[in-house]
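Quick notes on the structure that follows.
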Amino acid sequence: MPKNKKIDRRRFIEKSGRIATAGVLFNVLPARSSKQSFEGEIKVSVIGCGGRGTGAAHQAILADPDVRIVALADVFKDQAQACYDNLLNRYGNSGKLRVDEETILVGFDAYKEAIDMADVVILATPPGFRPIHFEYAIEKNKQVFMEKPLATDVVGIKKILEVGKKAELKKLNVIVGLQRHYQRNYLQVKEMLDRNKIGRIISGQVYWNSGGVWVRPRKTGQTELEYQMRNWYYFNWICGDHIVEQHIHNIDVANWFIGDIPISAQGMGGREIRKGPDHGHIFDHHFVEFTYPNGEIVASQCRHQRGCMNRVDEVFQGTKGSVHVDSANYGLISSNQGKELYNHKGENDINPYQQEHNLLFSVIRRGDYRYNDVEMGANSTMTAILGRMATYSGQVITWDEAMASNLNLVPELHSFNDPAPVLPDAEGNYPIPIPGKTTFI
Ligand SMILES: NC(=O)c1ccc[n+]([C@@H]2O[C@H](COP(=O)([O-])OP(=O)(O)OC[C@H]3O[C@@H](n4cnc5c(N)ncnc54)[C@H](O)[C@@H]3O)[C@@H](O)[C@H]2O)c1
């Protein structure tokens, strides 16, 4: 292995480790004053006005009394309009929604004008577009809330990391929507792991097994690109496959609790239930074994199949005990002798989606620079991409090999008449990865 690759990786880990351990109860950097401070209104633009963009707009409004939503940008007019209607319904003429015909911005480049108008931007498109939107936001000196995942390919991850360093130099806060880092049960459990409650973690199992998500079937008159962008979940270039899009949350917990990123992955996957063109070309199950630098092994499962065992949670075994956590505010730590060491009672815990915005807007208001989740988010996204590479190819893939690839799934796109990044065959079916034949790059 070339020496420079090793050095790069070590730097990547050191930095991530610093961010992961800098704050125990909150995922924070030491307080530093930023150049920007805010008196009065904080202007917010939403880029990607679907379910999450709309939800995050509500959370931003609730986080600070002087937040104003000033622009809504989406590639689809109906999506931006639906978001506007939703916000209007709740906030009426209170002044919190300061959007009109002129600032409902539509199209592939709509993000630019929306970002220009804002102090804080919410980036909530599907992940394929995150790198270009994040790059523009930081270039324009904006504070950022951006949803996970941060990319769908390695070129995107490298862009995100490069821009994340610029955000740090500019002291611009960036919170990534891996909300378990802002959820009290996870934070309390992590604090106890740091206090050696279960000894050294040696293994773990992380799960996102569910019945799957929506399908948005093709409609007459759509170009191929428009169809793929409406039905985005099923196209790897924009979604990343469900191991990246959804299971990232659980994989992220493994990296966070172990305090490192894997050195390699191997696994298996395929599609049994997903058939036909409207399911694009992603898998419906992946099972990956991630190996970490100190020999820890994490088994990761994600499945989108109805009628099977469902669970979404994380379990880890240590030299002295074990831990079980989930997003429903559960957190149980037990000794290897079966004694309960901690049982989180989280009935009144704050919603972590709201907490992300409360913290972001409070530091912006104070003019502090305290959050840079970029490397943590890039690590977790890349770990999930590594898992996908392993299941698609059927090979053992090291982190260094994956990072050395130039996998680039997202072309520059400006119009729905542009060629789609992946094309169907004569029967309308898309090329599905075949383990043993598909190469991971
Ligand atoms: N943290 C969480 O728990 C959580 C929950 C749900 C979704 N998410 C993330 O939020 C993101 C969006 O998911 P969603 O459920 O809101 O999807 P969605 O389909 O409801 O919304 C996505 C929106 O982005 C728009 N869009 C697509 N490409 C665009 C572009 N280039 N420019 C502007 N707009 C564009 C779409 O038209 C759509 O309105 C995804 O990355 C998803 O993983 C995170």
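The values are calculated or read from the model by the stated rules, or taken from the named source; none is laboratory data. All figures in this text were calculated on a predicted structure; none of them were measured in a lab. Glycine also receives a Cβ, built like all others from the backbone with ideal geometry; neighbour counts cover every protein chain displayed. Side chains included, ligands, DNA and RNA excluded: accessible areas come from the protein's heavy atoms. Shrake-Rupley method; radii C 1.70, N 1.55, O 1.52, S 1.80 Å.
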Next item on the list: Pop the C-beta distance of GLU162 and GLU340 into the FRET formula with R0 = 60 Å and round what comes out to the nearest 0.05.
Entry: 0.85
Margin query: Hydropathy at least 0.0 by Kyte-Doolittle, axial extent at least 24 angstrom from the Cα trace: which helices of the chain, defined as entire DSSP H runs, fit?
Written below: 374-393
Check: Which net charge results for the neighbourhood of VAL67, defined as the other residues with beta-carbon distances under 9 angstrom from its beta-carbon, given Lys and Arg at +1 and Asp and Glu at -1?
Finding: 0
Notebook entry, point to check: Can you pull the percent of Cα pairs in the range 340-430 with separation above 21 Å?
Noted result: 66 percent
Next item on the list: Multiply the residue gap between ILE202 and ILE297 by 0.36 nm, knock off their C-alpha separation, and tell me the result in nm, one decimal place.
Entry: 33.5 nm
Margin query: If R₀ is 22 angstrom, what is the calculated FRET efficiency for the pair THR438 and ILE263, using the beta carbon separation as r and rounding to 0.05?
Written below: 0.50
Checklist line | Largest to smallest principal axis extent of the C-alpha atoms in the range 196-287, angstrom | finding: 59, 23, 22
Next item on the list: Provide MET146, MET268, MET117, MET376 ordered by accessible surface of protein heavy atoms (probe 1.4 Å), highest first.
Entry: MET268, MET117, MET376, MET146
Check: Taking a quarter of the surface of the Cα convex hull of the range 253-393, what do you get in nm²?
Finding: 12.2 nm²
Notebook entry, point to check: Please state the equivalent ellipsoid semi-axes for the range 105-261: what are the square roots of 5 times the Cα gyration tensor eigenvalues, largest first, in whole Å?
Noted result: 31, 23, 12
Margin query: From the mean inverse distance of alpha carbon pairs (Kirkwood) and the Cα radius of gyration, derive Rg over Rh for the range 193-238.
Written below: 1.39
Notebook entry, point to check: For the charge dipole of the chain, defined by +1 on Lys and Arg C-beta atoms and -1 on Asp and Glu C-beta atoms about the Cα centroid, which residue among ASN429, GLY156, ASN173 has the Cα displaced farthest towards the positive pole?
Noted result: ASN173
Notebook entry, point to check: Using the Cα gyration tensor of the range 240-328, with a ≥ b ≥ c the square roots of its eigenvalues, what is the shape: rounded (a/c below 1.5), prolate (a/b larger than b/c) or oblate (neither)?
Noted result: prolate
Check: Using mean Cβ contacts within 10 Å as the protection proxy, how do 185-191, 306-312 order, highest first?
Finding: 185-191, 306-312
Next item on the list: Find, among the GluC sites (Glu not before Pro) in the range 326-362, those assigned to loop by DSSP (not H, G, I, E, B) with at most 16 other beta-carbon atoms within 10 angstrom.
Entry: GLU347
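Provide the convex hull volume over Cα atoms per residue for the range 92-193, in Å³.
149 Å³
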Item checked: Gain on full stretching of the segment that runs from GLU412 to LEU169 - 0.36 nm per residue minus C-alpha separation -> 84.7 nm
Next item on the list: Within the range 391-427, find all residues whose amide N lies under 20 Å from a label point positioned 7 Å from the Cα of THR223 along Cα-to-beta-carbon.
Entry: 409-425
Notebook entry, point to check: Which value results when the Cα radius of gyration for the range 99-139 is divided by 2.2 N^0.38 Å?
Noted result: 1.13
Checklist line | Linear extension gain, ARG366 paired with ASN93, 0.36 nm per residue minus alpha-carbon span | finding: 95.5 nm
Checklist line | Helical contribution to [θ] at 222 nm, DSSP H n ≥ 4, -39,500 (n - 2.57), averaged over the chain, rounded to 500 | finding: -11000 deg cm²/dmol
Notebook entry, point to check: Given charges of +1 on the Cβ of Lys and Arg and -1 on the Cβ of Asp and Glu, with all other atoms neutral, how large is the dipole of the chain about its Cα centre, in debye to the nearest 20?
Noted result: 1200 debye
Next item on the list: Return the inverse of the average 1/r over all pairs of distinct C-alpha atoms in the range 140-208, which is the Kirkwood hydrodynamic radius, in Å to one decimal.
Entry: 14.9 Å
Margin query: Under the rule of at least 5 residues apart or a separate chain, name every residue whose amide H is placed under 5 Å from the amide H of TYR369.
Written below: ARG32, SER33, SER34
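Could you tell me how many cubic angstrom of Cα convex hull volume the range 44-152 has per residue?
Roughly 85 Å³ of hull volume per residue.
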Item checked: Among beta bridges that DSSP assigns inside the chain, antiparallel share in %, nearest 5 -> 55 percent
Margin query: What FRET efficiency comes out for GLU272 versus ARG216 if R0 is 22 angstrom and r is the Cβ-Cβ distance? Round to the nearest 0.05.
Written below: 0.55
Next item on the list: Could you point to the residue in ALA82, ILE198, TYR111 farthest towards the positive end of the chain's charge dipole, with +1 and -1 charges on the Cβ of Lys/Arg and Asp/Glu respectively?
Entry: ILE198
Margin query: Given the chain, report the % of alpha carbon pairs whose separation exceeds 42 Å.
Written below: 11 percent
